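For reference, the structure discussed in these notes is given below.
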Protein chains: 2
Amino acid sequence: MPPHLTNPDDIPPDIVIGRLPIYLRALMRLSQDGQEVTSSHELGRILGISSAQIRKDLSHFGGFGKQGTGYQISYLEEKLRQVLQVNREWEIALVGAGDLGQAVANYRGFSDRGFHIACVFDSNPQKIGKKSGNFVIQPMSELKETVLAKGIQIAMIAVPAEYAQEVANQLIEAGVRAILNYAPISINVPDGVHVQYIDPVAHLQRMTYYLK
Amino acid sequence: MPPHLTNPDDIPPDIVIGRLPIYLRALMRLSQDGQEVTSSHELGRILGISSAQIRKDLSHFGGFGKQGTGYQISYLEEKLRQVLQVNREWEIALVGAGDLGQAVANYRGFSDRGFHIACVFDSNPQKIGKKSGNFVIQPMSELKETVLAKGIQIAMIAVPAEYAQEVANQLIEAGVRAILNYAPISINVPDGVHVQYIDPVAHLQRMTYYLK
DNA sequence: CATATCATGTAAAACAATGTTACTATAATT
DNA sequence: AATTATAGTAACATTGTTTTACATGATATG
């Protein structure tokens, strides 16, 4: 019997969760190219991951393939969307409407993939009421009320590093449980709140180590 | 004797290298706040990492602290910069001058932290010759010549996913050995070439898994 | 000055992830 | 019917990572 049926205590490691979006990305590309079936070997070749690992990762959530033939791409894609809960639209609150915040607000990649920026906040009085993308910039004083009213659970922070922690606190107060932080600083959050970081410079610095 | 002297074969794991920029980020913030000394415990509290791990990570590269007192921030900062090779300026080539590429080109965070965008390329003839930030957009046909001439080793890719692999190939041809890929697709590179990814949606999808 | 406290660096142990191998079951192909 | 390809599972080995424990040295305190 598969482990997801026999051992309900088995919680998939977070590192496995982190690979699922990568698998999903590859599947979307394959199906865009008109392909209908793939295999753990092909996926592994594309992604630079061993086929065994891919099969093992997927087996945490069920048996999505067919022995002898591989995985039907549309089916596996659907299943991964279910697991990741991205078979729906998510609304996001964006805090910060400076250069970075505006760029984030205008980035097409979010809406294309099911994430919808539902409100934008900034502390600069000169920006309040102006449009950023399709949305009117709201003052920070309206953050809690708006986020609670819309039931928003995900937020992105694009403010200067020194304000990021305070903004995070306010977001959590308003019920946000997942934060994507573009500010180059680590923030502290209570259990049950998830944080991911986007810091391009940290990525670059990680690579310069290896340059002679 | 410390292991970095006794065992020259000990190559620090990549995951450790990946944490060094995080440590550096935290140290910069502490010194900005006027603090001169810190400890593995304090850093751990700030970053949500155990103090033991921080000490162990740092011990791969030498003994930078003083027993009983901790780490002098300016000294540790300097040492980490040496290890990561970010105690100098790096020139970067940017490929793609669409919405995303323009946003990347205008992002202040790179130049503030030692990364200088030295040239920008795009395949769209209508964009060639126009300015993006401080730089004139060059055609793809000039990529190899320019990158080689300037001795550039780092590039950023901000083109649609379907062109990313081909762009990467050209960059590697031109001597690039580190790529920061903003396109939502995995790319294949030969040994000795390093790739990092920026895919905000993948980060979001990783978090939605945990939202009930 | 003796003692207590604090903090690093390191060795050892514990834990986690990954890769390998072997096997069974199933599907498609020859 | 035999062959080939593939998923899923288990057992194991290997590697990588984190935690624990402690010896050593520095500082502060009484």
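Throughout, read-outs are computed from the coordinates displayed, never taken from laboratory work. Just so it is clear, the structure is predicted and the values come from calculations on it, not from any experiment. Every residue, glycine as well, gets a Cβ built from its backbone with ideal geometry; the counts of neighbours run over all protein chains shown.
Quick notes
- Chain A, rotation onto B, residue closest to that axis via Cβ, with its distance in Å: A:ALA103, 2
- Under Karplus coefficients 6.51, -1.76 and 1.60, residue-wise ³J(HN,Hα) of segment A:11-19 in Hz, glycine/proline x: 8, x, x, 4, 5, 5, 4, x, 7
- For A:TYR197, A:TYR71, B:TYR210, the sequence from fewest to most other C-beta atoms within 10 Å is B:TYR210, A:TYR197, A:TYR71.
- Chain A - charge dipole about Cα centre, Lys and Arg +1 at Cβ, Asp and Glu -1, debye rounded to 20: 560
- Straight-line reach from B:LYS130: taking Cα to Cα under 16 Å and skipping same-chain neighbours fewer than 8 places apart, no lysines fall in range.
- Neighbour counting of Cβ atoms within 10 Å sorts the residues A:MET207, B:MET140, fewest neighbours leading, into B:MET140, A:MET207.
- Cα shape, the protein assembly as shown, gyration tensor, a/c 1.5 rule: rounded
- Cβ-derived FRET efficiency at R0 25 Å, B:LYS131 paired with A:TYR163, nearest 0.05: 0.20
- In nanometres and ascending order, the distances from the A:GLY62 label point to those of the other copies are 5.5 (point 7 Å from Cα along Cα→Cβ).
- Total formal charge among the other residues, if their Cβ is under 14 angstrom from that of B:ALA93, Lys/Arg +1 and Asp/Glu -1: -2
- Partner lysines whose Cα lies under 17 Å from the Cα of B:LYS56, excluding those fewer than 8 positions away in the same chain, are identified as B:LYS66, B:LYS79.
- Taking the centroid of alpha carbons for each part, segment A:71-131 and segment B:80-94 are 32 Å apart.
- Between A:GLU173 and A:MET28, residue separation times 0.36 nm minus the direct Cα-Cα distance comes to 48.6 nm.
- When A:PHE135 is represented by a point 7 angstrom out along its Cα-to-C-beta vector, the spacings to that point in the other copies are 3.1 nm, nearest first.
- One decimal place: the segment A:GLN82-A:GLN35 gains 14.8 nm when fully extended, by the rule 0.36 nm per residue minus the C-alpha distance.
- Across segment A:153-212, Cα pairs under 8 Å and at least six residues apart give a relative contact order of 32 percent.
- Each of B:ASN87, B:PRO125, B:ILE49 was scored by the projection of its Cα onto the charge dipole of segment B:3-143, and the greatest displacement toward the positive side belongs to B:ILE49; charges sit on the C-beta of Lys, Arg, Asp and Glu.
- The Cα atoms of segment A:49-108 give a gyration tensor whose axes a ≥ b ≥ c have a/c of 1.5 or more with a/b greater than b/c, which makes the shape prolate.
- Cα-centred dipole magnitude for segment B:129-171, charges only on beta-carbon of K, R (+1) and D, E (-1), debye, nearest 20: 220
- Basic side chains Lys and Arg get +1 at the Cβ, acidic Asp and Glu get -1 at the Cβ, and with that the dipole of the protein assembly as shown about its Cα centre reaches some 80 debye.
- Chain B, helix-only ellipticity at 222 nm - DSSP H runs n ≥ 4, -39,500 (n - 2.57), divided by all residues, nearest 500: -13000 deg cm²/dmol
- Of the residues B:PHE64, B:PHE115, B:PHE110, A:PHE121, the one with the fewest other Cβ atoms within 10 Å heads the list, and the complete ranking is B:PHE64, B:PHE110, B:PHE115, A:PHE121.
- Each other copy holds its own label point for B:GLN32; taking that point as 7 Å from Cα along Cα to Cβ, the gaps run 3.6 nm, nearest first.
- Close amide H pairs (under 5 Å, H built 1.01 Å from N) link B:CYS119 with B:ILE92, B:LEU94, residues at least 5 positions away or on another chain.
- Hz values of 3J(HN,Hα) by residue in segment A:143-150 - Karplus curve (6.51, -1.76, 1.60), Gly and Pro given as x: 4, 4, 4, 5, 5, 5, 4, 7
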